[in-house]
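Readers should treat all values here as calculations from the given coordinates under stated rules, not as data from a laboratory. Values in this document were obtained by computation on a predicted structure and should not be read as measured data. Here the Cβ positions follow ideal geometry from the backbone for every residue, glycine too, while neighbour counts run over all protein chains shown.
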Amino acid sequence: MLGVSLTGSYSEPTKSVVRLPRGENGHYFASARINGHPIRVLVDTGASFIGLSSQTAKKLGINYASGRKGRSSTANGIVKNYTLRLDHVQIGGIKLYGVMASIIEGNFPDIPLLGMSFLNKVKMHEEQGMLILTDTH
């Protein structure tokens with residue numbers, strides 16, 4: 001109806017917030033779900049993408065060989081990798097779709113890396129020993 005005020009019925013959607021305590025050696029770890037599978041990840045702002053070993057990718061049911069084959073430079077030198085988009089990645093209430101990942105042949109990294117392909121899509125700041133991630137969508 002025209003002329004009827006709706007101001008009292010609208011509210012901004014709430015944003016999901018995840019708080020990660022600083023852990024071992026000053027690093028931040030998170031309980032994640034990659035394509036629905038639970039896994040512990042290390043927050044790594046130096047990683048361009050989510051980083052998984054091919055062993056971990058197999059355990060998560062990811063057909064990494066369908067990704068774009070290439071090479072990348074890591075702390076362990078030049079390695080063979082496959083780049084692809086994951087269906088979805090979730091940390092707490094923050095769920096992102098089509099997140100880029102780099103799958104490295106072998107068993108490195110032993111702990112999956114939560115890289116900038118995820119972190120660039122959330123608001124992130126540190127506060128009193130906590131890393132705070134806020135959904136921006």
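Is there a residue in the range 123-136 that is among the charged types (D, E, K, R), crowded, with 18+ Cβ neighbours inside 10 Å and not in a loop (DSSP other than H, G, I, E, B)? Yes, the range 123-136 contains at least one residue that is among the charged types (D, E, K, R), crowded, with 18+ Cβ neighbours inside 10 Å and not in a loop (DSSP other than H, G, I, E, B).
Looking across the range 110-121 at every residue that is touching a strand residue (DSSP E or B) at 6+ places or on another chain (Cβ under 9 Å) and without any contact (Cβ under 8 Å) to a residue 60 or more places away in the chain, the one that is farthest from Lys69 (Cα to Cα) is identified as Lys121.
Yes/no per residue for (1) surrounded by 16 or more Cβ atoms within 10 Å (Cβ to Cβ); (2) over 18 Å from the mean Cα position of the chain (by Cα); (3) of a type outside the set (Phe, Trp, Tyr); (4) within 21 Å of Tyr28 (Cα to Cα):
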site	(1), (2), (3), (4)
Ala47	yes, no, yes, yes
Ile50	yes, no, yes, yes
Ser54	yes, no, yes, no
Ala57	yes, no, yes, no
Ile62	yes, no, yes, no
Ser66	no, yes, yes, no
Lys69	no, yes, yes, no
Gly77	no, yes, yes, no
Lys80	no, yes, yes, no
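Only one of the listed residues (Ser72, Ser48) is closer than 28 Å to Thr136 by Cβ, touching a helix residue (DSSP H, G or I) at 6+ places or on another chain (Cβ under 8 Å) and not in a helix (DSSP H, G or I). That residue is Ser48. Pairs are defined by a Cβ separation below 7 Å, a sequence spacing of at least 6 or placement on different chains, a first member in the range 51-77 that is closer than 16 Å to Asn35 by Cα, and a second member that is surrounded by 13 or more Cβ atoms within 10 Å (Cβ to Cβ) and among the acidic types (Asp, Glu); the pairs so defined are Ser54/Glu105. Between Thr136, Thr45, Thr83, the distinction of being free of Cβ contacts under 8 Å to residues at least 40 places away in the same chain and among the hydroxyl-bearing types (Ser, Thr, Tyr) belongs to Thr83 only.
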